[in-house]
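Engineer: Once you've had a glance at the structure underneath, I'll fire off some questions.
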């Protein structure tokens with residue numbers, strides 16, 4: 001059959017976000033994960049197991065479990081999504097599919113939003129399981145609403161996705177990508193107030209922790225832990241985490257080049 | 001300029017003037033001038049590392065540091081409007097190994113034509129599956145297929161949406177003779193019946209005989225731009241391979257007697 005050239009097919013704008021391309025990308029990422037049930041199981045179950053472990057490590061001091069448990073509810077989604085996204089986008093770069101997609105009318109924003117949407121959905125499931133387990137079965141004593149815990153967890157997941165995407169641009173192999181985890185995540189983990197309150201650190205370190213986004217993720221969780229309502233500090237923490245996520249997503253978009261050497 | 005076919009004289013699908021590409025410290029393409037006529041199969045031949053892939057990436061618009069003029073389908077290469085009109089197959093199959101063949105095609109079809117009805121897209125997917133003869137494997141994971149099958153999935157993706165220009169980087173590498181023959185038949189059908197322009201690279205000289213036109217490359221330069229017949233006649237050779245070797249020797253001889261930066265370029 002001979003088809004006349006549809007030379008004038010909608011020259012769909014590729015700069016702005018295109019809803020159906022974004023959702024198609026998100027669906028594709030989730031479909032890939034469905035073919036890899038072991039990864040999904042690890043993503044969903046490991047945080048729950050860690051919380052369970054922690055609960056009995058601090059068997060004698062439930063207050064400590066409250067503090068650390070709430071902080072970890074914010075940290076888990078960040079770390080998981082960071083790892084999964086950095087490897088997934090690195091594979092996209094090395095397999096040539098990224099080059100193919102960028103030679104097609106796919107906007108960079110569509111790709112990034114697609115990934116964020118897919119991993120965000122997964123983060124919701126992960127955080128729901130972990131938060132539910134901690135609050136209802138492990139006796140995590142939260143003063144505020146568990147929904148707010150979930151909100152912070154979701155934003156943390158988004159931040160993790162953003163960081164992973166950004167970092168994958170600087171990794172040439174899976175080995176390097178995995179090594180970015182200690183480089184990017186561990187310093188934040190040490191300085192975020194999980195081990196000791198931030199204001200008790202050396203002033204220089206406290207200053208550093210003030211500019212690291214994970215600190216605000218943990219602060220936000222602790223606000224929910226101690227207060228019944230949304231405090232001003234909570235709103236500020238949430239906005240900072242969300243703002244950082246958006247900023248890093250933007251930086252990540254800048255690392256996607258249609259033309260490469 | 002050259003108008004071998006019976007088609008009305010129109011703009012060539014690709015027109016390059018003084019096309020130069022630098023990668024790192026190396027100049028990979030050195031001031032090339034060539035055209036790729038519409039509706040024909042043009043072969044891009046030359047030894048590995050001579051710049052074939054770089055030339056193709058420049059045409060598709062994924063190559064950085066391109067200088068000179070390069071017009072593709074009437075627009076500068078890399079123009080956003082070209083992204084739906086060019087199908088591109090990289091040397092290594094670029095598909096998702098953890099998706100089935102059909103899921104791969106469904107996704108790329110959705111990216112290509114987000115507005116179209118899903119029935120249309122499904123029809124398109126079925127058509128390209130038939131084209132590359134993968135319908136029986138449509139529901140297999142791409143990663144579970146053989147190398148030749150995976151490269152056909154990659155080709156099928158490029159055929160989605162009936163592109164006007166197909167840029168295929170060594171599409172027949174590693175395929176058995178039967179499949180190679182079938183694919184070349186498909187390429188000719190695409191040109192003859194769908195009016196597509198094909199630019200196909202290969203380092204296997206026997207495939208050259210199946211092209212309407214040839215661009216022979218060596219070390220970032222174009223040695224010849226002609227039809228296979230004319231090449232053989234001009235060099236007095238039996239095969240295109242012999243013609244190519246003849247041209248290489250001639251170029252080497254010219255190179256040793258006073259270094260001419262550019263090699264001869266022939267249109268006739």
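Engineer: If I filter the range B:79-89 down to residues being in contact with a strand residue (DSSP E or B) (Cβ under 8 Å, 6 or more places away or on another chain) and in a loop (DSSP other than H, G, I, E, B), which single residue comes out as nearest to the other protein chains (Cβ to nearest Cβ)?
Structural biologist: Among residues in the range B:79-89 that are in contact with a strand residue (DSSP E or B) (Cβ under 8 Å, 6 or more places away or on another chain) and in a loop (DSSP other than H, G, I, E, B), the one nearest to the other protein chains (Cβ to nearest Cβ) is B:85.
Engineer: Give the residue, chosen from B:120, B:124, that is in a helix (DSSP H, G or I) and more than 30 Å from residue B:58 (Cβ to Cβ).
Structural biologist: B:120 is the lone residue from the list that is in a helix (DSSP H, G or I) and more than 30 Å from residue B:58 (Cβ to Cβ).
Engineer: In the range B:117-132, which residues are within 11 Å of another protein chain (Cβ to nearest Cβ), over 20 Å from residue B:149 (Cβ atoms) and surrounded by fewer than 17 Cβ atoms within 10 Å (Cβ to Cβ)?
Structural biologist: B:118
Engineer: I've got another one for you. Confirm whether residue B:103 is within 14 Å of another protein chain (Cβ to nearest Cβ) and either within 30 Å of residue B:136 (Cα to Cα) or at pLDDT 95 or above (or both).
Structural biologist: Here the answer is yes, as residue B:103 does meet what is asked.
Engineer: Here's something else I'd like to know. Within the bounds of the range B:167-174, is there any residue that is assigned to a helix (DSSP H, G or I), more than 9 Å from every other protein chain (Cβ to nearest Cβ), surrounded by 23 or more Cβ atoms within 10 Å (Cβ to Cβ) and at pLDDT 95 or above?
Structural biologist: No, there is no match, as no residue in the range B:167-174 is assigned to a helix (DSSP H, G or I), more than 9 Å from every other protein chain (Cβ to nearest Cβ), surrounded by 23 or more Cβ atoms within 10 Å (Cβ to Cβ) and at pLDDT 95 or above.
Engineer: Please state which one of B:92, B:158, B:144 is within 13 Å of chain A (Cβ to nearest Cβ) and in contact with a strand residue (DSSP E or B) (Cβ under 8 Å, 6 or more places away or on another chain).
Structural biologist: B:158
Engineer: Moving on. Please indicate, with yes or no, whether at least one residue in the range A:63-71 is under 17 Å from the mean Cα position of the chain (by Cα) and in a helix (DSSP H, G or I).
Structural biologist: Yes, there is a match, as at least one residue in the range A:63-71 is under 17 Å from the mean Cα position of the chain (by Cα) and in a helix (DSSP H, G or I).
Engineer: Condition (residue is more than 21 Å from the chain's Cα centre (by Cα), within 11 Å of chain B (Cβ to nearest Cβ), surrounded by fewer than 16 Cβ atoms within 10 Å (Cβ to Cβ) and assigned to a helix (DSSP H, G or I)) applied to the range A:19-29: is it met by at least one residue?
Structural biologist: Yes, because at least one residue in the range A:19-29 is more than 21 Å from the chain's Cα centre (by Cα), within 11 Å of chain B (Cβ to nearest Cβ), surrounded by fewer than 16 Cβ atoms within 10 Å (Cβ to Cβ) and assigned to a helix (DSSP H, G or I).
Engineer: Now for a separate question. Would you check which residues across the range A:176-196 are free of Cβ contacts under 8 Å to residues at least 60 places away in the same chain and not in a helix (DSSP H, G or I) and list them?
Structural biologist: Selection gives A:195, A:196.
Engineer: Here is a list of conditions, (1) within 23 Å of residue A:157 (Cβ to Cβ); (2) touching a helix residue (DSSP H, G or I) at 6+ places or on another chain (Cβ under 7 Å); (3) surrounded by fewer than 15 Cβ atoms within 10 Å (Cβ to Cβ), and residue A:199 meets all of them except one; can you say which number that is?
Structural biologist: Going through (1) within 23 Å of residue A:157 (Cβ to Cβ); (2) touching a helix residue (DSSP H, G or I) at 6+ places or on another chain (Cβ under 7 Å); (3) surrounded by fewer than 15 Cβ atoms within 10 Å (Cβ to Cβ) one by one, residue A:199 breaks only (1).
Engineer: If you don't mind, another one. Can you tell me how many residues in the range A:110-133 are more than 13 Å from every other protein chain (Cβ to nearest Cβ), farther than 16 Å from residue A:154 by Cα and more than 13 Å from the chain's Cα centre (by Cα)?
Structural biologist: Of the residues in the range A:110-133, 1 are more than 13 Å from every other protein chain (Cβ to nearest Cβ), farther than 16 Å from residue A:154 by Cα and more than 13 Å from the chain's Cα centre (by Cα).
The values are calculated or read from the model by the stated rules, or taken from the named source; none is laboratory data. Please read these numbers as outputs of a predicted model, since none were measured by experiment. A quick note on method: Cβ atoms are made from the backbone with ideal geometry, for glycine too, and the neighbour counts reach across all protein chains shown.
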